[in-house]
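Trainee: First the structure, then my questions, so here it is.
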Amino acid sequence: TITGNSVSGEDNVTEYEGVYRGDKAILNIISNVKTVAFNTNGGNSLEPLSVTQGTSLGQAFPGSPIRSRYIFSGWFTDNNTFKNQFTSSGPITGDITVYAKWTNEDTTGPQITCKSLTYLKNGTEEEYKTDTWSATPITVTFDVEDQVESGGIISGIDLVSYEISLDGGTSYFKATDNEKIKENSVEVLYPDFGDISGSGSNPIINSTLKLKVSNEGKSDLKIKVSDRYGNIGYSNAAVTLQIDTTPPDSVKVISPKEESWIYTKTPTISGTGEACCTVRIKEGETILGETTVAENGAWQLTLGSLSEWIHNFVITQTNRAGTTSPEVNLSLLVDTSGAAARIIIVPDGRVYWVRPGNKDVFKHKILLG
């Protein structure tokens, strides 16, 4: 019923508009009831609510929806971007759909800590120190703990997500990639990826990754691992490993030649060897001198004052891991007198007339020595 500017017999009407065409009136009634729909974005379903235009939901505002392993972070009028929040006190001016924002319950990656470094030395397992070299593979043990903010639901460690880097984190390869593991001279001692459990309702909170590294040279070992929500954790700092499992070859003596006559008591002996090895020259049990092989493989060592006559040297090189090469023998005769010849009487009474440079004298060096 239309009476003046009012309408009766209709509920929830705030205004109307009419158009007269001749003697007939066309009336459009404008309702003041608006609908708020709730899109839970993967949570449980909520029924839409009706509200009078211009008012707010107030106490009719729904409780938080539920989504497994997610935290509800509010309602928003813009989906995905979530910049315009919708609250119980916001006035409703028209039909509207609001969207649930969710935050992953577990937003922190696992924590990885290097627990121990060991290697075999003379058949005994000892602690490895990162500023030294090892002649045997190094066993590295990491503790892994799934981290989560207080009150959150722990997702658990994704054991098959372990990745390994030997270059300080520049590149990684999966611990389950047997081809890459072999290529990089790494062995996974634990866990056994062929028998992994705990991926169900009981998440793994603490775990261990144990590796045996045989990669020759210097390696900067880092680890990363994900939890089951995809949060990634990294070992804090690279663990520097230095391994040289290959014994060095014998040195080569270039100068002086074997069984040379030399006319100085402080001869310089030179040759080639393995870079960074320590060359040691001994006579009997006495160490006469040491030097380091240069990067280009060259070495030389000037000895202290030697006595006149025959000297029998033993020369070796030792790498940074402490492994020593086979011995090289060098015999020299020191003669600084400049005499044209010498008469030598050996212990058995035989007499030798020795001229400078005559190598026959070395045939009797055992007797003469």
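The values are calculated or read from the model by the stated rules, or taken from the named source; none is laboratory data. Bear in mind the structure is a predicted one, so any value in this text is a computation, not a measurement. No Cβ is skipped: glycine too gets one built from the backbone with ideal geometry, and neighbour counts run over all protein chains shown.
Trainee: Identify the residue in the stretch 39-59 that is in a loop (DSSP other than H, G, I, E, B) and in contact (Cβ under 8 Å) with a residue 60 or more places away in the chain and, among all such residues, is surrounded by the most Cβ atoms within 10 Å (Cβ to Cβ).
Mentor: Looking at the filtered set, the residue picked out is 40.
Trainee: What is the residue count in the stretch 200-213 for residues that are more than 16 Å from residue 155 (Cβ to Cβ) and crowded, with 17+ Cβ neighbours inside 10 Å?
Mentor: Here the count works out to 3.
Trainee: Further, regarding this structure: Within the stretch 81-100, track down each residue that is in contact (Cβ under 8 Å) with a residue 12 or more places away in the chain, in contact with a strand residue (DSSP E or B) (Cβ under 8 Å, 6 or more places away or on another chain) and surrounded by fewer than 18 Cβ atoms within 10 Å (Cβ to Cβ).
Mentor: Once the filter is applied, which keeps residues that are in contact (Cβ under 8 Å) with a residue 12 or more places away in the chain, in contact with a strand residue (DSSP E or B) (Cβ under 8 Å, 6 or more places away or on another chain) and surrounded by fewer than 18 Cβ atoms within 10 Å (Cβ to Cβ), the stretch 81-100 yields 82, 87, 93, 94, 95, 96, 97.
Trainee: Identify the single condition in (1) at pLDDT below 85; (2) outside any loop (DSSP other than H, G, I, E, B); (3) not hydrophobic (A, V, I, L, M, F, W, C) that residue 106 does not satisfy, given that it satisfies every other one.
Mentor: For residue 106, the failing item is (2).
Trainee: crowded, with 19+ Cβ neighbours inside 10 Å and modelled with pLDDT of 95 or more, is that true of residue 165?
Mentor: yes
Trainee: Another question, if that's okay. Within the stretch 204-242, take every residue that is among the acidic types (Asp, Glu) and in contact (Cβ under 8 Å) with a residue 40 or more places away in the chain and give me the one that is nearest to residue 160 (Cα to Cα).
Mentor: Step by step, filter the stretch 204-242, then rank; the result is 227.
Trainee: Can you tell me how many residues within the stretch 271-288 are under 17 Å from residue 306 (Cα atoms) and crowded, with 17+ Cβ neighbours inside 10 Å?
Mentor: Number of matching residues: 3.
Trainee: Tell me, which residue of the stretch 277-299 that is assigned to a strand (DSSP E or B), in contact (Cβ under 8 Å) with a residue 12 or more places away in the chain and of a type in the set (A, V, I, L, M, F, W, C) is nearest to residue 323 (Cα to Cα)? Break it down into steps so the answer makes sense when it comes.
Mentor: Of the stretch 277-299, the ones assigned to a strand (DSSP E or B) are 278-283, 286-292, 298-299.
Filter once more, so that each one left must be in contact (Cβ under 8 Å) with a residue 12 or more places away in the chain: 278-283, 288-292, 298-299.
Keeping just the survivors that are of a type in the set (A, V, I, L, M, F, W, C) gives 279, 281, 288, 298-299.
Numbers: 279: 12, 281: 16, 288: 20, 298: 19, 299: 18 Å.
Going through the qualifying residues, I end up with 279.
Trainee: Can you tell which of 260, 214, 219, 255 is among the hydroxyl-bearing types (Ser, Thr, Tyr), more than 19 Å from the chain's Cα centre (by Cα) and modelled with pLDDT of 95 or more?
Mentor: 255
Trainee: So how many residues does the stretch 225-255 have that are in contact with a Leu (Cβ under 9 Å, 6 or more places away or on another chain) and assigned to a loop (DSSP other than H, G, I, E, B)?
Mentor: Final tally of qualifying residues: 1.
Trainee: Can you pull out the residues in the stretch 65-79 that are out of contact with any Lys or Arg (no Cβ under 8 Å at 6 or more places or on another chain), more than 15 Å from residue 37 (Cβ to Cβ) and loosely packed, with under 15 Cβ neighbours inside 10 Å?
Mentor: 66, 68, 69
Trainee: Find the residue count for the stretch 318-338, including only residues that are closer than 16 Å to residue 302 by Cα and modelled with pLDDT of 95 or more.
Mentor: Summing the residues that are closer than 16 Å to residue 302 by Cα and modelled with pLDDT of 95 or more in the stretch 318-338 gives 1.
Trainee: So which residues in the stretch 256-274 are of a type outside the set (S, T, N, Q) and assigned to a loop (DSSP other than H, G, I, E, B), if there are any at all?
Mentor: As a first pass, look at the stretch 256-274 and keep what is of a type outside the set (S, T, N, Q): 256-259, 261-263, 265, 267, 269, 271, 273-274.
The answer is 256, 257, 258, 259, 263, 265, 267, 273, 274.
Trainee: For residue 124, which of the numbered conditions (1) under 30 Å from residue 237 (Cα atoms); (2) touching a residue at least 60 places away in the same chain (Cβ under 8 Å); (3) of a type outside the set (Phe, Trp, Tyr) fails to hold?
Mentor: It is condition (2) that residue 124 fails.
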